[in-house]
Amino acid sequence: MNRLWMSCSIGSLQLPSRLVCTAAGEGMCDGRFHATPRLVERYRELGKAGVIGLLITGHAFVCPEGRRREAQISAADDDGIPALTEVATAAKADGSRIFLQLSHGGLCCEPELTGMPSLGPSAAAHAPEYAGRAMTTEEVQRVPELFARAARRAQLAGFDGVELHMAHGFLFSEFLSPFFNKREDEYGGSQENRTRLAVQTIMAVHDTCGRDFPVIAKINSGDGVEGGMTLEMALHSARMMQQAGLDGLEISGGFCFQKKQSDTPMKPVSLKSGAGIGYFREAARRFHKEFSIPVIMVGGIRTFDFAEEILTRGEADMVGMCRPLIREPSLARRWYRGETVSSDCLSCNACVKLSRTSAGLCCPVKKAGC
Ligand SMILES: Cc1cc2nc3c(=O)[nH]c(=O)nc-3n(C[C@H](O)[C@H](O)[C@H](O)COP(=O)(O)O)c2cc1C
Ligand code: SF4
């Protein structure tokens, strides 16, 4: 049997395969940021036949000031639970599992969108794109509770776990990074202090949802900027998170240095264009070697053979794809039937712009012959 289709586990949760559909902000919510039928259908389609072991939703905001996008999913209010329940039920109909990704956009949030100032560990005067205000210590101390409540909503809606978005320059990523975090209280100054908020949040989610509700994190293996978090720092932070009860890691990298809506396709490190497969391969391999919790490799995986190779060589426990499954949500089912074609996703990132607005996530690039 191919490794990809072998079951595996995250914490006490069994997954039917080792293939993960990683987060993609959908832009498919209504005016109250609750899931629409289109969002439900997206996950029903991806969950068909239970071939994708784990589906991870696009980032859902945990409080109004942490919202990053139009039409983004809200995990910030109980009124959204019925719509979230429909998403989870549709996704799990054939056996796939689904996690809600939880985020606070930090300095990446736009006051024009939220009506509130952007908040982060420090004011980031050296990065004008990220202008905002430093959170007070009391404001920081409220964050774990916000995530714990949001995770509880996910649990009540039938999600199998949550992924904390700790990558790409969002709030947790800013706290973890010496590039953004210039604090002088217990949340800054050393990598241990910079990791404190992440650790407290993981523990708060477990306290609220129980130890059997898995909590994983998507983290930067490096920030990709001078003065940012390095691989060694990331490993150190992740060790602390593992000790705090983290159940799994998805390895990414870089910042989304594009705060304003822009016509140019986004090209941060996490979304490389062009040639090259598995651009976080080395980093994921390093994490996998050092950690006992499952590691998901993502970034530029485009062929069945490459995914199999990663698993066969033991370089990661699971492999994730995002853009190929936007391009063709049924790709995994084709692979499962033995039709192991390469994804024809061009990694052009034209879908990113659509996901930012209420137009909604889709691949606008025509298929050959259409
Ligand atoms: C349109 C779009 C939206 C994305 N939204 C998120 C998100 O909400 N949260 C997240 O952690 N990553 C997000 N990502 C990043 C992907 O999960 C993934 O890490 C990245 O696309 C690299 O994988 P790929 O080469 O398979 O696309 C997004 C990517 C795309 C293309
Ligand atoms: S627009 Fe389509 S082809 Fe381009 S990266 Fe997105 S899914 Fe792939």
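Restricting attention to the stretch 312-330 and to residues that are crowded, with 21+ Cβ neighbours inside 10 Å and touching a strand residue (DSSP E or B) at 6+ places or on another chain (Cβ under 8 Å), the residue that is nearest to R18 (Cα to Cα) turns out to be M318. For E41, the stated conditions do not hold, so it cannot be described as at pLDDT 95 or above, touching a Pro at 6+ places or on another chain (Cβ under 6 Å), surrounded by fewer than 18 Cβ atoms within 10 Å (Cβ to Cβ) and not hydrophobic (A, V, I, L, M, F, W, C). For the stretch 31-52, a tally of residues being touching a Cys at 6+ places or on another chain (Cβ under 8 Å), in a helix (DSSP H, G or I) and farther than 10 Å from I73 by Cα returns 1.
Only one of the listed residues (L4, L84, L55) is in a helix (DSSP H, G or I), among the hydrophobic types (A, V, I, L, M, F, W, C) and within 24 Å of A359 (Cβ to Cβ). That residue is L84.
Of the residues F291, F304, F280, only one is away from ligand 1 (no atom under 13 Å from the Cβ), among the aromatic types (F, W, Y) and surrounded by 21 or more Cβ atoms within 10 Å (Cβ to Cβ); which?
Numbers: F291 fails: surrounded by 21 or more Cβ atoms within 10 Å (Cβ to Cβ); F280 fails: away from ligand 1 (no atom under 13 Å from the Cβ).
Just one listed residue meets the conditions, F304.
A residue that is touching a Cys at 6+ places or on another chain (Cβ under 6 Å), surrounded by fewer than 24 Cβ atoms within 10 Å (Cβ to Cβ) and either in a helix (DSSP H, G or I) or free of Cβ contacts under 8 Å to residues at least 40 places away in the same chain (or both) occurs nowhere in the stretch 22-30. When the stretch 158-199 is limited to residues that are among the aromatic types (F, W, Y) and more than 19 Å from C109 (Cα to Cα), the one that is surrounded by the most Cβ atoms within 10 Å (Cβ to Cβ) turns out to be F159. Screening the stretch 331-370 for residues that are within 12 Å of ligand 1 (Cβ to nearest atom) and among the β-branched types (V, I, T) and picking the one that is surrounded by the fewest Cβ atoms within 10 Å (Cβ to Cβ) gives T357. If I filter the stretch 108-117 for residues that are buried (at least 24 other Cβ atoms within 10 Å of the Cβ) and among the small types (G, A, S), do I get at least one hit? No, every residue in the stretch 108-117 fails to be buried (at least 24 other Cβ atoms within 10 Å of the Cβ) and among the small types (G, A, S).
If you check L246 against the conditions, is it away from ligand 1 (no atom under 14 Å from the Cβ), modelled with pLDDT of 65 or more and not in a helix (DSSP H, G or I)? Walk me through it before giving the result.
Numbers: away from ligand 1 (no atom under 14 Å from the Cβ): yes; modelled with pLDDT of 65 or more: yes; not in a helix (DSSP H, G or I): yes.
It is true that L246 is away from ligand 1 (no atom under 14 Å from the Cβ), modelled with pLDDT of 65 or more and not in a helix (DSSP H, G or I).
Pairs are defined by a Cβ separation below 9 Å, a sequence spacing of at least 6 or placement on different chains, a first member in the stretch 309-335 that is within 10 Å of ligand 2 (Cβ to nearest atom), and a second member that is of a type in the set (D, E); the pairs so defined are P324/D344; R327/D344; E328/D344.
Go over the candidates H126, H104 one by one and state the one that is within 21 Å of E174 (Cα to Cα) and under 20 Å from the mean Cα position of the chain (by Cα). First the steps, then the outcome.
Numbers: H126 fails: under 20 Å from the mean Cα position of the chain (by Cα).
The conditions single out H104.
Contact map, the stretch 114-138: residues that are touching a residue at least 60 places away in the same chain (Cβ under 8 Å) paired with residues that are of a type in the set (S, T, N, Q) and in a loop (DSSP other than H, G, I, E, B), Cβ distance under 7 Å, separation 6+ or inter-chain. Pairs shown: P121/N181; S122/N181. Among the conditions (1) in contact with a strand residue (DSSP E or B) (Cβ under 9 Å, 6 or more places away or on another chain); (2) within 19 Å of D223 (Cβ to Cβ); (3) modelled with pLDDT of 95 or more, the only one that P178 does not satisfy is (1).
The values are calculated or read from the model by the stated rules, or taken from the named source; none is laboratory data. What you see is a predicted model, and the numbers here were worked out from it, not measured in a lab. All Cβ positions, even for glycine, are placed from backbone atoms using ideal geometry, and neighbour counts span all protein chains on display.
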